[in-house]
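Data block below; observations after.
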Amino acid sequence: MRQFVLGLLVAAFVWWGYGSFAGKPAEAGSPEGSPAGANGAGVLQEVLNGGAGAQGSVAKGATPETALSSLPGGVAPAASNPAAPLPAVSAATVQAVLDGLAGGDAASHQLGWSLLAAAPSARGAAVSGAERARLVAALTPAAADFASMLSQLGSTNAFLHSAEGREQAGKVFAVAMAMPDAEAVKAGSQFLTLCLCGSIRREDTTQRAFVDQAYGQHRVRVDRHVCDPANVQGSRSYTVQKGDSLARIASKFRREKIFVEDGTLAILNRIHNPSAIQVGQKIKVPVDPIVTVLEKRSYGLAVYVGDSLLRLYWVGHGEHDKTPLAEFTIIEKQERPDWTAPNGQLYGYGQPENILGEYFVKLQHESHTGFGLHGTPQPETICTMSSAGCIRMLAPDIAEVFKLLPRGTKVVVRATGS
């Protein structure tokens with residue numbers, strides 16, 4: 001019977017993932033939800049400061065489980081209103097998840113965190129206080145090493161949607177940041193990648209604030225370690241010759257099919273004035289691939305050098321799911337671009353109708369055409385599905401991406417967890 005209940009839970013969770021992703025996107029002017037920091041960045045900061053972390057009720061509508069309702073002994077999709085509060089989750093449902101956790105079932109981690117994140121119902125908490133305590137205890141890792149703690153968070157970001165999950169995630173991240181730089185970058189990259197795998201909607205400001213604060217601390221370690229010219233792991237060291245410029249150096253390595261550009265070299269070597277490089281100066285050139293990944297459900301765009309997460313941005317993408325799941329290649333980068341509207345009308349740079357902003361990074365795919373990354377005159381559409389299919393970015397973000405991302409590298413669009 002418990003296996004049957006757990007099967008219902010898994011099926012319901014999968015149904016929610018598809019239904020919520022394929023449904024109507026949040027409107028650009030939708031409410032922002034809970035104030036950032038109450039249960040998000042505040043939890044992380046308290047944990048890093050040695051505190052217990054914030055506790056409290058979960059914001060209504062902020063969770064995967066708002067699309068589920070109870071059946072006797074289990075959970076199944078709601079028939080009509082997926083935003084309606086849940087009836088109280090049955091004790092049998094909780095016990096089925098606890099049994100799965102005790103048996104080492106990987107899916108039970110997702111379900112456990114999702115139950116903790118379930119919206120309160122008209123009859124009170126979806127999961128009672130005593131049952132919440134049992135779930136938290138079962139989801140708490142016995143070992144204190146990073147790998148064990150990270151595995152207890154599951155394979156998607158369901159943990160972000162409850163105060164208890166964010167508290168535990170804060171502890172996991174604190175362990176990562178206590179490591180030496182090389183290990184901290186690796187662990188932080190794994191942690192932040194997990195945070196992007198799953199739903200983060202525009203109104204989920206608490207969850208996004210948590211990720212932002214973790215990324216801010218990760219970024220310090222990345223800039224210190226990955227962008228250190230003396231750290232040539234995954235790179236080749238080059239000595240500047242007379243007459244060299246960063247563009248000329250990049251051109252030399254592109255002829256060897258090592259895809260870098262002058263902006264790439266500047267960022268990875270902490271060079272703030274490219275015209276001031278000197279003969280004899282050591283510059284590292286990454287040979288590890290540079291790959292950009294868009295996680296559609298979280299609206300997170302991550303840039304990796306090898307396995308290291310170098311940059312993280314929040315973006316918007318295609319209305320009605322127009323941005324396809326695919327692997328694109330960057331083939332061209334345009335400053336002050338003209339824009340051809342879907343109706344074929346051409347709008348020059350600077351015209352009010354031109355939506356591309358200052359930069360356009362053109363993507364190529366054998367089956368999908370017309371896609372790229374660009375700025376937007378509508379910053380309120382970031383973290384929504386609202387474009388004609390391109391990836392929208394804030395002006396400072398697309399300016400950095402334009403410099404950083406080389407032609408020839410991949411942009412992968414995926415929807416992990418859906």
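The numbers here are math on the coordinates, done by the rules we state, and not lab data. Remember, it's a predicted structure, so these values are computed and weren't measured experimentally. A quick note on method: Cβ atoms are made from the backbone with ideal geometry, for glycine too, and the neighbour counts reach across all protein chains shown.
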Would you calculate the separation in nanometres between label points at Q345 and T329, each defined as 7 Å from the Cα along the Cα-to-beta-carbon direction?
3.5 nm
Based on alpha-carbon atoms only, what is the radius of gyration of region 166-211 relative to the globular estimate 2.2 N^0.38 Å?
1.22
Formal net charge of residues neighbouring L312 (Cβ-Cβ distance under 14 Å; K, R +1; D, E -1)
-1
In what sequence do H272, H320, H368, H161 fall when counting other Cβ within 10 Å, fewest first?
H272, H320, H368, H161
Over all directions, the average projected area of the alpha-carbon convex hull for region 125-173 comes to how many nm²?
3.4 nm²
For region 394-404, what does the Karplus curve 6.51 cos²θ - 1.76 cosθ + 1.60, with θ = phi - 60°, yield as ³J(HN,Hα) per residue in whole Hz, taken in order and with x for Gly and Pro?
5, 4, x, 6, 5, 5, 6, 4, 4, 6, 6
Restricted to region 295-392, the DSSP antiparallel beta bridge percent, nearest 5, is 85 percent
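Students often check this: by mean Cβ neighbours within 10 Å, which of 295-303, 383-391, 102-110, 334-342 ranks highest, and how do the rest follow?
Output ranking for 295-303, 383-391, 102-110, 334-342: 295-303, 383-391, 102-110, 334-342.
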When you have a sec, figure out the Kirkwood radius of region 235-286 from all distinct Cα pair distances and drop it here in Å to one decimal?
10.8 Å
At most 16 other Cβ within 10 Å, DSSP loop - trypsin sites (Lys or Arg not before Pro), region 316-418
K322, R407
Mind putting together the pair-distance distribution for region 109-221? All Cα pairs, 5 Å bins, whole percent per bin, short to long.
2, 12, 23, 23, 19, 12, 6, 3, 1, 0
Semi-axes a, b, c in Å (a largest) for region 283-405, each sqrt of 5 times a Cα gyration tensor eigenvalue, come to 23, 16, 14
Taking 178-191, 228-241 and ranking on average Cβ neighbours within 10 Å, highest first, one gets 178-191, 228-241
Check cross-link reach from K252 to the aspartates and glutamates: straight Cα distance under 13 Å, and skip same-chain residues fewer than eight apart.
D244, E261, D262
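When only DSSP loop residues count, what GluC sites (Glu not before Pro) in region 341-393 have their Cβ near at most 13 other Cβ atoms within 10 Å? Please list the in-between numbers first.
Values: sites: E353, E358, E366, E380; in loops: E353, E358, E366.
Hits after loop and neighbour filter: E353, E366.
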Cross-link pairs K296/K333; K257/K333; K186/K257; K333/K410; K257/K410 - those with Cα-Cα distance over 21 Å:
K296/K333; K186/K257
Express in whole angstrom the spacing between the alpha-carbon centres of region 377-403 and region 131-160.
34 Å
